[in-house]
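Student: Dumping the structure here so I can ask a few things about it.
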Amino acid sequence: MGEKIVLLDEAGHAIGTAPKAESHHQNTPFHLAFSSYLVDASGRVLISQRAHHKASFPSVWTNSACGHPAPGEGLREAVSRRVKSELGLTVSDITLVLPEFTYRAEMNGVVEHEWCPVVRATVDAEPRRDPDEVEDTQWRDWAGVKELRADPLASPWFLEQMEQLVPLGEPLAWKQADERLLPPAIAW
């Protein structure tokens, strides 16, 4: 059966579902996703490099973990599930930071077109990466994360997110955003 994505209209209402694997191509439909920034107690941020063999955006360096909420799944549950499967980590203190983030990007003929709320979550262990998803990880202080913007292998969604995150200050200071700004297709 495979993983399904939630298709959206421009206002963020669910208009159906589609198989994830078959939906990412040059005409990818607008759909629901999320990005997470995992921090430790000292404020370091885990960044990850996508696996070299991934069909979409292989080898790029990006935020900690991304994913697609399953139909009917809440955002916090989706983040917890994906971080556990991709990085072997259990999250706590999930904070909604950018509820209205959307983007469209293309690489090697594959388009991402997502309403992609951004969250911060706390972890207290070292990642155990799934090599099918993650090539490498690094813990960086906030200055080091900001330096990643100059890397030609930085993901386009990371670059766009950083335009909004940098003005918010250090990640541990990011405040909870209004959950009512999430797309109607997902519950907090």
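The values are calculated or read from the model by the stated rules, or taken from the named source; none is laboratory data. Remember, it's a predicted structure, so these values are computed and weren't measured experimentally. Positions of Cβ are generated from backbone atoms using ideal geometry, with glycine treated the same way; all protein chains shown enter the neighbour counts.
Student: Run down Glu10, Glu22 and say which single residue is of a type in the set (Asp, Glu) and either more than 16 Å from Val111 (Cα to Cα) or in a strand (DSSP E or B) (or both).
Tutor: Numbers: Glu22 fails: either more than 16 Å from Val111 (Cα to Cα) or in a strand (DSSP E or B) (or both).
Only one candidate qualifies: Glu10.
Student: Here is a further query. With the checklist (1) within 16 Å of the chain's Cα centre (by Cα); (2) assigned to a helix (DSSP H, G or I) in hand, flag the one item Ala143 doesn't pass.
Tutor: With respect to (1) within 16 Å of the chain's Cα centre (by Cα); (2) assigned to a helix (DSSP H, G or I), Ala143 is out only on (1).
Student: Still on this structure, please answer the following. Could you check, for region 111-133, whether at least one of its residues is acidic (Asp, Glu), buried (at least 20 other Cβ atoms within 10 Å of the Cβ) and at pLDDT 95 or above? Talk me through it step by step, then tell me what you get.
Tutor: Applying the first criterion (acidic (Asp, Glu)) to region 111-133 yields 112, 114, 124, 126, 130, 132-133.
Applying the additional criterion that residues be buried (at least 20 other Cβ atoms within 10 Å of the Cβ) yields 112, 114.
Filter once more, so that each one left must be at pLDDT 95 or above: 114.
So far as region 111-133 goes, yes, one or more of its residues are acidic (Asp, Glu), buried (at least 20 other Cβ atoms within 10 Å of the Cβ) and at pLDDT 95 or above.
Student: Looking at region 136-158 only, could you name the residues that are of a type in the set (A, V, I, L, M, F, W, C), closer than 23 Å to Asp124 by Cα and loosely packed, with under 14 Cβ neighbours inside 10 Å?
Tutor: Ala143 - this is the single residue of region 136-158 that is of a type in the set (A, V, I, L, M, F, W, C), closer than 23 Å to Asp124 by Cα and loosely packed, with under 14 Cβ neighbours inside 10 Å.
Student: If we keep just the residues of region 1-44 that are of a type in the set (Ser, Thr, Tyr) and either modelled with pLDDT of 95 or more or closer than 30 Å to Asp124 by Cα (or both), which is surrounded by the most Cβ atoms within 10 Å (Cβ to Cβ)?
Tutor: The first filter runs over region 1-44 and keeps only residues of a type in the set (Ser, Thr, Tyr), leaving 17, 23, 28, 35-37, 42.
Retained after the next criterion (residues that are either modelled with pLDDT of 95 or more or closer than 30 Å to Asp124 by Cα (or both)): 17, 35-37, 42.
On the way: Thr17: 16, Ser35: 24, Ser36: 28, Tyr37: 22, Ser42: 8.
Among them, the one singled out is Ser36.
Student: Taking strands (runs of 3 or more DSSP E) that fall entirely within region 32-107, which contain at least 2 residues that are among the hydrophobic types (A, V, I, L, M, F, W, C) and either free of Cβ contacts under 8 Å to residues at least 12 places away in the same chain or within 20 Å of Arg129 (Cβ to Cβ) (or both)? Walk me through how you get there before you give the answer.
Tutor: Numbers: elements: 34-39, 45-50, 65-67, 92-98, 102-107.
In region 32-107, the matching strands (runs of 3 or more DSSP E) lie at 34-39, 45-50, 65-67.
Student: Report the residue count in region 23-52 for those that are over 14 Å from His113 (Cα atoms) and of a type outside the set (Ser, Thr, Tyr).
Tutor: Narrowing region 23-52 to residues over 14 Å from His113 (Cα atoms): 36-52.
Checking which are of a type outside the set (Ser, Thr, Tyr) leaves us with 38-41, 43-47, 49-52.
Number of matching residues: 13.
Student: Within region 108-156, can you find the residues that are in contact with a Leu (Cβ under 8 Å, 6 or more places away or on another chain) and closer than 11 Å to Thr62 by Cα?
Tutor: Val134, Thr137, Gln138, Arg149, Ala154
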